[in-house]
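Notes for the one structure printed next.
The values are calculated or read from the model by the stated rules, or taken from the named source; none is laboratory data. This is a predicted model, so every value here is computed, not measured. Note: ideal-geometry Cβ built from the backbone for every residue, glycine included; neighbour counts use all protein chains shown.
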Amino acid sequence: MKSLKDRKVKEYIYTDPERYIEIVERDFEFALEKSKTSWLNKGRWSTKASICLWQKSTALINCGRIEAAKDLLEGMLGGMNIQKAEETGNSFYLLVLGNLLGALLYLESFEEARKKISSFERTISNIKTSRNVENYCKLLEWRKMELDILDGDIEKSGRYLQGVLTSENKPANPGNIYMYLGIYESKRNEKNKALEYFEKASNFIRDPYHLKKIQYYKTMLSYEEPNYNEDKDEENEVQNQIDILKGLLSNKELKINQFATVEEIEEVEAITGIKFNKQLKAFFMLFNGCNVFVQGKVMKDSVCNFRYLNLEEALNEWRKYKPYSFNQYEKWSLDSVEEPRTKPYSHHKYWFPIAKGDNINIYFDADATTKHSCGQIIGLTSYPILPFFISESLAEFLKLSNKHMLEVN
């Protein structure tokens with residue numbers, strides 16, 4: 001029977017964390033039973049059981065089960081006297097807190113992480129012996145760097161990482177250093193440098209969670225602005241269909257918003273990173289949403305009520321899901337999507353909202369599964385959350401929607 005004492009098993013915490021969890025759970029149960037039944041060394045077995053749980057939390061993080069790791073670690077802290085642990089400089093408390101900080105940062109619970117960092121600092125200041133103090137101080141500085149790079153002083157984090165890389169002959173965790181240097185450069189929009197660091201990181205990192213994170217960043221950095229197939233006829237068709245739409249809504253107390261300007265559209269493009277095609281620009285510059293709901297055909301046998309958004313509303317809707325981070329995409333990723341023309345997400349940075357309705361949102365898709373399909377119009381149902389194809393272009397969508405309104409009226 002394999003145990004955590006085996007050298008090969010210890011590697012599982014990185015190479016096969018799910019398998020490691022199975023083994024550590026078995027060791028935990030054994031140690032827990034011994035702590036209850038053994039006449040001698042009850043305290044040692046109790047400590048062994050606690051260490052097993054801490055090791056399990058590391059493995060949970062390495063396989064991407066961050067919420068489970070957080071719950072486990074908070075449960076462990078719930079069984080401790082925190083004030084006493086801080087006052088006595090309890091080293092095991094620091095180990096648990098160090099892993100919890102990592103989980104909180106991965107979950108983007110930044111304010112909670114800041115509180116835990118303060119507790120970490122208080123505890124270090126009360127350590128009575130010098131042994132391992134340096135290691136705990138390094139762990140604290142690392143967690144501070146992670147917080148800075150994700151939600152703080154980016155330049156400070158960059159200086160720290162470069163300092164670690166140059167000051168240590170053989171850094172203890174080169175993969176993580178390169179990964180965070182990649183994140184640092186990506187936040188500075190230095191795409192080539194970021195990709196170079198992520199490539200280096202992938203040569204060292206072995207656990208599936210961080211490898212997936214690296215792949216997420218590489219995918220986002222490799223995004224290229226679509227080269228839309230700009231059809232002058234379709235651009236004119238947008239204007240034509242907007243005129244028809246205004247006529248169809250003329251008896252519904254229609255209020256047209258002030259048209260968007262070129263400068264406003266360029267500002268939205270800069271904020272979102274989404275390049276508008278000429279049809280989408282014409283839509284906001286000639287119509288820019290309205291105050292009434294329309295009934296349109298969104299699927300072959302399905303119609304729904306929706307309202308066209310103005311540019312400001314559309315941007316605010318897009319902003320709801322910022323910062324479009326790796327942690328969010330982990331939640332948004334859909335295992336199975338029947339529609340092959342859309343990316344398998346419940347939300348996506350490169351989908352720009354154009355309409356919102358009953359149990360449906362409608363988007364301009366700037367990152368379709370094939371480059372020539374970029375600019376297509378897609379829908380996203382709320383319950384269940386599923387993306388689906390509507391039309392190949394905005395002009396076609398307006399035409400289909402207006403046609404249905406003409407038929408029912």
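Structure notes:
- Set Glu330, Glu313, Glu338: member being over 25 Å from Asn227 (Cβ atoms), out of contact with any Ser or Thr (no Cβ under 8 Å at 6 or more places or on another chain) and at pLDDT 95 or above: Glu313
- Applying the set (1) acidic (Asp, Glu); (2) out of contact with any helix residue (DSSP H, G or I) (no Cβ under 7 Å at 6 or more places or on another chain); (3) in a helix (DSSP H, G or I); (4) closer than 28 Å to Pro353 by Cα to Glu199 leaves exactly one unmet item: (4).
- Every pair of residues 6+ apart whose Cβ atoms lie under 7 Å, when the first sits in region 303-318 and is more than 18 Å from Phe389 (Cα to Cα) while the second is part of a helix (DSSP H, G or I) and of a type in the set (Phe, Trp, Tyr): Leu311/Phe284
- When residues in region 360-395 are screened for being closer than 14 Å to Lys275 by Cα and free of Cβ contacts under 8 Å to residues at least 24 places away in the same chain, 2 of them pass.
- Options Ser250, Ser336; residue that is within 30 Å of Leu406 (Cα to Cα), among the polar types (S, T, N, Q) and surrounded by fewer than 14 Cβ atoms within 10 Å (Cβ to Cβ): Ser250
- Enumeration of residues in region 101-128 that are under 32 Å from the mean Cα position of the chain (by Cα) and touching a residue at least 40 places away in the same chain (Cβ under 8 Å): Leu101, Gly102, Ala103, Leu105, Tyr106, Leu107, Glu108, Phe110
- Checked against (1) buried (at least 17 other Cβ atoms within 10 Å of the Cβ); (2) in contact (Cβ under 8 Å) with a residue 60 or more places away in the chain, Thr15 passes all but condition (1).
- Checklist (1) touching a Leu at 6+ places or on another chain (Cβ under 7 Å); (2) under 26 Å from Pro208 (Cα atoms) applied to Met179, failing item: (1)
- Residues that are among the hydrophobic types (A, V, I, L, M, F, W, C), over 16 Å from Ile274 (Cβ atoms) and either out of contact with any Asp or Glu (no Cβ under 9 Å at 6 or more places or on another chain) or part of a helix (DSSP H, G or I) (or both), drawn from region 305-354: Phe326, Trp332, Leu334, Val337
- Enumeration of residues in region 127-146 that are of a type outside the set (Lys, Arg) and either assigned by TED's automatic domain parsing to the domain that holds Asn327 or touching a helix residue (DSSP H, G or I) at 6+ places or on another chain (Cβ under 6 Å) (or both): Ile127, Tyr136, Leu139, Leu140, Met145, Glu146
- Any hit, region 306-327, residues being surrounded by fewer than 17 Cβ atoms within 10 Å (Cβ to Cβ), assigned by TED's automatic domain parsing to the domain that holds Asn240 and over 29 Å from the mean Cα position of the chain (by Cα): no
- Residue in region 229-241 that is touching a Pro at 6+ places or on another chain (Cβ under 9 Å) and either without any contact (Cβ under 8 Å) to a residue 40 or more places away in the chain or buried (at least 17 other Cβ atoms within 10 Å of the Cβ) (or both) present: no
- Region 220-240, residues that are under 18 Å from Leu181 (Cβ atoms) and either out of contact with any helix residue (DSSP H, G or I) (no Cβ under 8 Å at 6 or more places or on another chain) or among the hydroxyl-bearing types (Ser, Thr, Tyr) (or both): Ser222
- Search result, residues across region 77-92 that are in a helix (DSSP H, G or I) and within 17 Å of Leu140 (Cα to Cα): Ala85, Glu86, Ser91, Phe92
- Checked across region 66-73, the condition of being out of contact with any strand residue (DSSP E or B) (no Cβ under 7 Å at 6 or more places or on another chain) and exposed (fewer than 15 other Cβ atoms within 10 Å of the Cβ) holds for at least one residue.
- Checking each residue in region 256-277 for being outside any loop (DSSP other than H, G, I, E, B) and either among the β-branched types (Val, Ile, Thr) or crowded, with 19+ Cβ neighbours inside 10 Å (or both) picks out Ile256, Val262, Ile265, Val268, Ile271, Thr272.
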